[in-house]
Each structure stands twice: as C-alpha cells, then as structure tokens.
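Engineer: The structure follows.
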Amino acid sequence: MRLNASAPPRRTTPSLLVATLAAALLLVGGLLVLAPDRAAAADPLLSRGKPATSSSVEDTGFEPAKAFDGDPATRWASAEGSDPQWLRVDLGTTAAVTRVRLNWEVAYAKAYRVEISADGTTWTTLATETAGNGGTDDWTGLSGKGRHVRVYGTARGTSYGYSLYEVEVYGTPDGTTPPTTPPPTTPPPTGAFTVVAAGDIAAQCTASSSSCAHPKTAAQAQRINPAFYLTMGDNQYDDARLSDYRNYYDKTWGAFKAKTRPVPGNHETYDPAGPLAGYKSYFGAIAYPQGKPYYSYDQGNWHFVALDSNSFDDPAQIQWLKDDLARNTKGCVAAYFHHPLYSSGGHGNDPVSKPVWRILYAAKADLVLNGHDHHYERFAPQDPDGRATADGIVEIVGGMGGAEPYPIETVQPNSQKRISGPYGVLKLDFTDTTYTWQYVGTDGQVKDTGPTYNCH
C-alpha cells in the first residue's frame, strides 16, 4: 500500500529531533494564525466523470469510465493475462497535478507508472511503482503539468489483468484547453473477440455423479460467454452414438450447440451406425456447413479452418485445404483438428498430421488446436519438423474437456507447459493482429496463461 511519493526521512539525533519538532510546531502554528484558509485548503479533484479510455476491457460492465465515476462498487478491468495495459483520463484542461490516488481491485499491478501528457501522445512520468501489493496507492507531492493522466501497468501482480475501482487525480487547473490528439479507441487492437475451446468432452455420465466432469467444463465455458465455441474431437464417448450425444453431451455442452463449431475425433468413427453417423445427425449443418466434415469460416481478421484428421489421407480434403488457404484474405490463420502432430501425452506424436502442418506452415498459419491426448499442453512456435522458429506454428493440446485425464509421458522438444489432472477449457483472446489464451479450470482459476503472439 503506497502512502505517499515523498523522499524517505533522514536520520536525526533525539535532541535534534526535539528541536526540529518544536520549530515545526511553531512554524505550523504561525501559519495557522497568519493564513488559516491556506493551511486547510486541498487541491480539488479533477478527474471525476471525465472521459476515459483504456488499452483493453475485460467485458461489458468494466469500461474505463467506471474508474472515474465515484462509485466504489464499479471498476475498470483490462483483458486478462497480458502486459502492458493502460488506463487514461482526459481532464479537459491543463492542470498542475499534485496527487493521484489509486484503489486497486484484487487484480492489481506489481509494477506501473503514473504519467502525464499535454497532448495524449508524449508522456512524462510522475511516479513509478516496482513492488506494488494492491490496496490503495496514494501518490502525493507530485509535480507535473498536463491535460491527460495515465496509469501504465507493466507487470501484473496476479494471473488476471489490471483492475481499478477508482482513480482520483487532484491538482489545480489553469483554465487553458490546449489542442489534443484524439485518444485511441478502446481497445486499440480492433476486431477483438473471445473463443472457448476443448476436446475429449462428454463421458457417459451426468451431473448427478460428482465425478462427472463435462457438466463442470460446460458451466465454465458458458460463464466465459465467448463469441463462439469450438471442439477438437471426441466430443462424445465411447462410440459417439446419436443416443449418447442426446443423453450426455446435449445435457451440458449442448446448451450452446448453436454457437459451437465442432470437428470429429476418432471416437466419432466408432459409431455402429457408421463412421461419424451420430456426430453428423446430432450437429447437422453446424458440423457440415459445406457438405463435408471439414470447413472454414472467418471472424474479424482471422480465418479458421476446421479439419477431420480421421481422413487426412483423403486427397479431396487435402486439395480443399490448399484451395481454401489460397483464397483466404484474412491476416491471421488458425486450424483445429483432433490428432496433434506433437504431444507429450500417452498417444504421443501423430505423424498423420505432418502433411497438413506443411500446408499450414507454407500458408503462414499461426495457431493449431488439438485434442486426443487428455491433458493441456502448449508449444513454442515450431515448423513441421519440430524445429523452433519465430515464424512457426503455435500448437495447443486441449483435451481436458471431461474425459479421464492421461498422464504426461515423454516431454517433447519445444513443449513449454503441461498440465494433467485439472479439467478445464481454453479461453482464447484474438484481435486483428494478436492472440493469447488461458487454460481455465472448472474452479474458475487460471491454470496457465500463454504468451501474446503477433500474427505472421
């Protein structure tokens, strides 16, 4: 908790301390007698209700203006798991700022700067924190002149984002209104949206069993409320019959079926009625929008490719993929299918996916999502031959949607994080130029946060 921004006190001897205190009391007493109004005065609050912008917003209801509305129950919250983030206010006039008071929510900044600017473009530091611990930071004794004040977070104190109940800026306005550069929109990266993903989902159990996991992952997925959901196969165990889809998957993940864009796994091929028969009957045109179990669609500046890895030996699918990527006009590409090329789990690496990786890599694809192994794992960018490279594809295995977990067995090169045991979902955050993600457990806790990557 920050009380002020003044310099630390100097050491004094007891006799000198007594003399100093006495002199100070006399001085203060004289000031009170000579100028009582000046001694009691405080600089006015300048920021209440003023226009505010931010680098990002976690969700509706957490807009930047909430940190300047004077209501201690409302707050601004940034997107989770990403640094840096900032919040700024336009005071409407140039002012000499002397104090900034910050009231943090649980998601506080461990390191941040308080900055001031005349035009909203060039910033000067008023105060710097490098070991924040949340609560209230009251920066007094500041000296800066400008129209815009910004809190610029550089390191989060938690795995979440940044969140402020209130920011109060105090000072003396000089009555002038200099020209200003219009503030950026919120958030500056356009086309932002969130997707929830998981694979290996519905075991043959219901919420009546405390050990049944897919009702819990569905509940967490629904709480996130993304733009859409996608699945990475083995949506229904064991043989993916239509009756099983109706009895189990439909009771949980089926609640948002209309917003789901699935792909099949190997268990969808075990249906006695025929490979993918129950899968196709249950999802219908959602899974076959182009008449095949593979398809593509766009969201923002992203092109998503949904593939059937059970039939990567089908020349028709491979040719369709090449043609689809050649037609793509979006700047970022994500693909998802069941069988991972690289995995540290029980199934391990699956070379069936390598030809597809080669096509994706040649098209400068950014992200591949898989299931099959029942754990969470993320890899550094790599090429189809497993060589780490900055222009490589990021692969995430997300097979913890509800089926029994598999242990980690042989850790693969370029594997950065592995979690087996806690069930959960992937929360993927996209903008027109970047992507990042979190692995969120059924308890709502973030188990891992991925880096923020720029699209190729």
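The values are calculated or read from the model by the stated rules, or taken from the named source; none is laboratory data. Bear in mind the structure is a predicted one, so any value in this text is a computation, not a measurement. Here the Cβ is made from the backbone with ideal geometry for all residues, glycine too, and neighbour counts use every protein chain on show. Please note that ligands, DNA and RNA were not included when accessible areas were found on the heavy atoms of the full protein model with its side chains. Shrake-Rupley method; radii C 1.70, N 1.55, O 1.52, S 1.80 Å.
Engineer: Name every residue in the stretch 287-299 that is under 20 Å from K259 (Cβ atoms), free of Cβ contacts under 8 Å to residues at least 60 places away in the same chain and open to solvent by 50 Å² or more (accessible area, probe 1.4 Å), in order of residue number.
Structural biologist: Residues satisfying the conditions are P289, Q290, D298.
Engineer: Suppose the filter is over 17 Å from R418 (Cα atoms) and small (G, A, S); does A334 pass it?
Structural biologist: yes
Engineer: Just the residues that are hydrophobic (A, V, I, L, M, F, W, C) and surrounded by fewer than 22 Cβ atoms within 10 Å (Cβ to Cβ), please, taken from the stretch 221-249.
Structural biologist: I224, A227, F228, L242
Engineer: Here's a follow-up. Return the residues of the stretch 67-101 that are in contact with a helix residue (DSSP H, G or I) (Cβ under 9 Å, 6 or more places away or on another chain) and aliphatic (A, V, I, L, M); say none if nothing qualifies.
Structural biologist: Within the stretch 67-101, A77, L87, V89 qualify.
Engineer: Tell me, yes or no, whether the stretch 335-357 has at least one residue that is modelled with pLDDT of 95 or more, among the β-branched types (V, I, T) and buried (at least 24 other Cβ atoms within 10 Å of the Cβ).
Structural biologist: Looking through the stretch 335-357, none of the residues is modelled with pLDDT of 95 or more, among the β-branched types (V, I, T) and buried (at least 24 other Cβ atoms within 10 Å of the Cβ).
Engineer: Among the candidates R147, R113, R101, R88, which residue alone is among the charged types (D, E, K, R), part of a strand (DSSP E or B), in contact with a Leu (Cβ under 6 Å, 6 or more places away or on another chain) and on the phi < 0 side of the Ramachandran plot?
Structural biologist: Within the list R147, R113, R101, R88, the selection yields R147.
Engineer: Now for a separate question. So which of T154, T93 is touching a Pro at 6+ places or on another chain (Cβ under 6 Å), within 30 Å of G191 (Cβ to Cβ) and assigned to a strand (DSSP E or B)?
Structural biologist: Just a single option satisfies the conditions, and that option is T154.
Engineer: How many residues does the stretch 205-220 hold that are open to solvent by less than 80 Å² (accessible area, probe 1.4 Å), closer than 13 Å to Y423 by Cβ and not β-branched (V, I, T)?
Structural biologist: Going through the stretch 205-220 one residue at a time, the tally reaches 8.
Engineer: Here are R358, R378: which of them is basic (K, R) and in contact with a strand residue (DSSP E or B) (Cβ under 6 Å, 6 or more places away or on another chain)?
Structural biologist: R378
Engineer: Which condition number does T121 fail, the rest of (1) polar (S, T, N, Q); (2) surrounded by fewer than 18 Cβ atoms within 10 Å (Cβ to Cβ); (3) under 30 Å from A227 (Cα atoms) being met?
Structural biologist: Among (1) polar (S, T, N, Q); (2) surrounded by fewer than 18 Cβ atoms within 10 Å (Cβ to Cβ); (3) under 30 Å from A227 (Cα atoms), T121 violates only (3).
Engineer: Take the conditions in contact with a Phe, Trp or Tyr (Cβ under 8 Å, 6 or more places away or on another chain), among the charged types (D, E, K, R) and either under 24 Å from T194 (Cβ atoms) or at pLDDT 95 or above (or both) and apply them to R113. Does it pass?
Structural biologist: Yes; evaluated as a whole, the condition is true for this residue.
Engineer: For the stretch 121-136, indicate whether the set of residues that are in contact with a Pro (Cβ under 7 Å, 6 or more places away or on another chain) and either β-branched (V, I, T) or part of a strand (DSSP E or B) (or both) is non-empty.
Structural biologist: The answer is no; no qualifying residue exists.
Engineer: Within the stretch 358-377, take every residue that is buried (at least 17 other Cβ atoms within 10 Å of the Cβ) and among the charged types (D, E, K, R) and give me the one that is farthest from P405 (Cα to Cα).
Structural biologist: My answer is D366.
Engineer: Could you please tell me which pairs satisfy a Cβ distance under 6 Å, a separation of 6+ or placement on different chains, a first residue in the stretch 354-375 that is among the β-branched types (V, I, T), and a second residue that is buried (at least 19 other Cβ atoms within 10 Å of the Cβ) and part of a helix (DSSP H, G or I)?
Structural biologist: Final answer for the pair search is I359/L321.
Engineer: Provide a single number: the residues in the stretch 270-306 that are of a type in the set (K, R) and over 27 Å from C332 (Cα atoms).
Structural biologist: Total meeting the criteria: 1.
Engineer: Which residues, counting only those in the stretch 250-291, are among the hydroxyl-bearing types (S, T, Y) and more than 27 Å from the chain's Cα centre (by Cα)?
Structural biologist: If the condition is that a residue be among the hydroxyl-bearing types (S, T, Y) and more than 27 Å from the chain's Cα centre (by Cα), then T269, Y270, Y279, S281, Y282, Y288 are the ones that fit.
Engineer: Continuing with the same structure: One residue is enough: does the stretch 378-390 have a residue meeting the conditions modelled with pLDDT under 95, over 12 Å from G199 (Cβ atoms), of a type outside the set (S, T, Y) and open to solvent by 10 Å² or more (accessible area, probe 1.4 Å)?
Structural biologist: Yes: one or more hits.
Engineer: Taking the stretch 424-449, which residues are over 17 Å from Q220 (Cα atoms) and over 9 Å from the mean Cα position of the chain (by Cα)?
Structural biologist: Selection gives T431, D432, T433, T434.
Engineer: Let me confirm something: among W302, W320, W253, which residue is of a type in the set (F, W, Y) and open to solvent by 20 Å² or more (accessible area, probe 1.4 Å)?
Structural biologist: Matching residue, one of W302, W320, W253: W320.
Engineer: Now for a different question. Tell me whether the stretch 267-276 contains one or more residues that are touching a strand residue (DSSP E or B) at 6+ places or on another chain (Cβ under 8 Å) and open to solvent by 50 Å² or more (accessible area, probe 1.4 Å).
Structural biologist: Checked against the condition, which is being touching a strand residue (DSSP E or B) at 6+ places or on another chain (Cβ under 8 Å) and open to solvent by 50 Å² or more (accessible area, probe 1.4 Å), the stretch 267-276 yields no hits at all.
Engineer: Related question: Looking at this structure, is A380 within 19 Å of P264 (Cβ to Cβ) and hydrophobic (A, V, I, L, M, F, W, C)?
Structural biologist: It is false that A380 is within 19 Å of P264 (Cβ to Cβ) and hydrophobic (A, V, I, L, M, F, W, C).
Engineer: Please identify the pairs in which a residue from the stretch 313-327 that is on the phi < 0 side of the Ramachandran plot has its Cβ atom under 8 Å from the Cβ atom of a residue that is in a helix (DSSP H, G or I) and of a type in the set (S, T, N, Q), counting only partners at least 6 apart or on another chain.
Structural biologist: Q317/S311
Engineer: Closer than 24 Å to L426 by Cβ, charged (D, E, K, R) and free of Cβ contacts under 8 Å to residues at least 60 places away in the same chain: does that describe K280?
Structural biologist: no
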